[in-house]
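Since the structure comes first, as structure tokens, the remarks are kept for the end.
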Amino acid sequence: MTDLQMSLIGIAGVFVAGVFTYNKIQEYKAKKSVERAFSTDHDDVLMRTGDAPPSSAARHEPSFSLDSAAPGLAGGEASVAAAALGAVVAEFETDPADATAPTAAPRVNAVTPAAEQATALVDPLIDCLLPLALEGPARGDKLLPVLQTLRMVGNKPVHYIGLAVSGDWEPIVHGGVYTKLQGGVQLASRSTALNELEYSELVTRLRAMADEIGAEPEIPDMIEVMAEARNLHRFVAGHDAQLGVNLQTNGAPWAISTLLGALEKQGFDVRPDGRYVMPDGEGGHLFSLSTNVTLAEETTPRLTLLLDVPCVTPARDGFGAMVACAKSLVGRLDATIVDDYNQPLSDAALAEIAGQVQDFYAEMNDADIPAGSTRALRLFS
């Protein structure tokens, strides 16, 4: 056999080995693509405890059980929702000393400010959880610009937290180093529930973003997510309560220019959009006031004070403060407190409404969405 023949045989052998290797690589890539596209029964890294193997039967998803005959949660159904949340909270417990363990997860009862902020951002009761397993530790400086590309889906916010090398989950910040990420898209808002189109968009954009930061996302089953989103939105719609009391002039309509001075003396702030609000002393407001006329009008015969009930904590007694303000304005403006049909509201009627407000607060507490809480403010924004 000549040297030429030996060389040709060697070249042929190298070519065959190269083709075999290339085919194996393509087969591996195709397998990974199929697994990502069709796998739905993922082991949620934030829903495991200890070193137990993943099991779909062990997963607990927070949910609401609503009575279709009446808005909101009935007493027993609210207990079911609270129990479901309690199960999730229990599963979120982990050993903070083990920063690299795959079972590490947000601790909703953590006392550090960063951990509390993390829980407020990615909340298992009102968010669809989106675990992101990083290939290795990553700095917040590199993560944040990429994460900023996926902050909203429709009108639903998307938030992220990271497992820091200290072992605590926290909002992702510049200078931080994280071994895992957790995303969360809000399941419902005051106007709508997360829908199939928004969820499909979320999954597509999340996978593209994950590829850019070197992460593997775990995508929850769409059918389960849609069911939870609809249940949560039914609760929000059933508790989207706004209470108003009206002031009707006893004489001529009030001049808007005169009203402005009286309302400022009463403590109201005038917002750039023309709304009048009563500050709560912490950057928010207790209730608002409407003149019931357009900005072009010069007079009005009627004012309406409005309380957004689920957005004000019971401790502030928003309804009591609003009624007290209305009674004070009665003296200033020579007016009468009336209902929407111009019938005078007696003290007895106002007291009855106050009792109904307390019942409303109790329902929200039973559902683990206390009025005025961060969770409520997110849902009713």
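The values are calculated or read from the model by the stated rules, or taken from the named source; none is laboratory data. This structure is a prediction, so every number in the text was calculated from the model and none was measured. Glycine also receives a Cβ, built like all others from the backbone with ideal geometry; neighbour counts cover every protein chain displayed. The area values use the complete protein model at the heavy-atom level, side chains included, leaving out ligands, DNA and RNA. Shrake-Rupley method; radii C 1.70, N 1.55, O 1.52, S 1.80 Å.
Summary of computed values
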item: Accessible surface, 1.4 Å probe, highest first, among residues 156, 265; result: 265, 156
item: Cβ-Cβ FRET estimate between residue 248 and residue 282, R0 fixed at 30 Å, reported to 0.05; result: 0.40
item: Probe 1.4 Å - accessible area at residue 201, Å² to nearest ten; result: 80 Å²
item: Carbon plus sulfur fraction of accessible area for the range 183-333, probe 1.4 Å, in percent; result: 53 percent
item: Accessible-area ranking of 278, 322, largest first, probe 1.4 Å; result: 278, 322
item: Calculated FRET value between residue 165 and residue 116, using beta carbons and R₀ = 25 Å, to 0.05; result: 0.80
item: In Å², nearest 10: area of residue 196 left accessible to a 1.4 Å probe; result: 90 Å²
item: Kirkwood-Stokes translational diffusion coefficient of the range 267-381, alpha-carbon pairs, 10 °C, 1.306 mPa s, µm²/s; result: 103 µm²/s
item: Per residue accessible area of the range 190-267, 1.4 Å probe, in Å²; result: 47 Å²
item: Accessible surface, the range 313-371, averaged per residue in Å² (probe 1.4 Å); result: 52 Å²
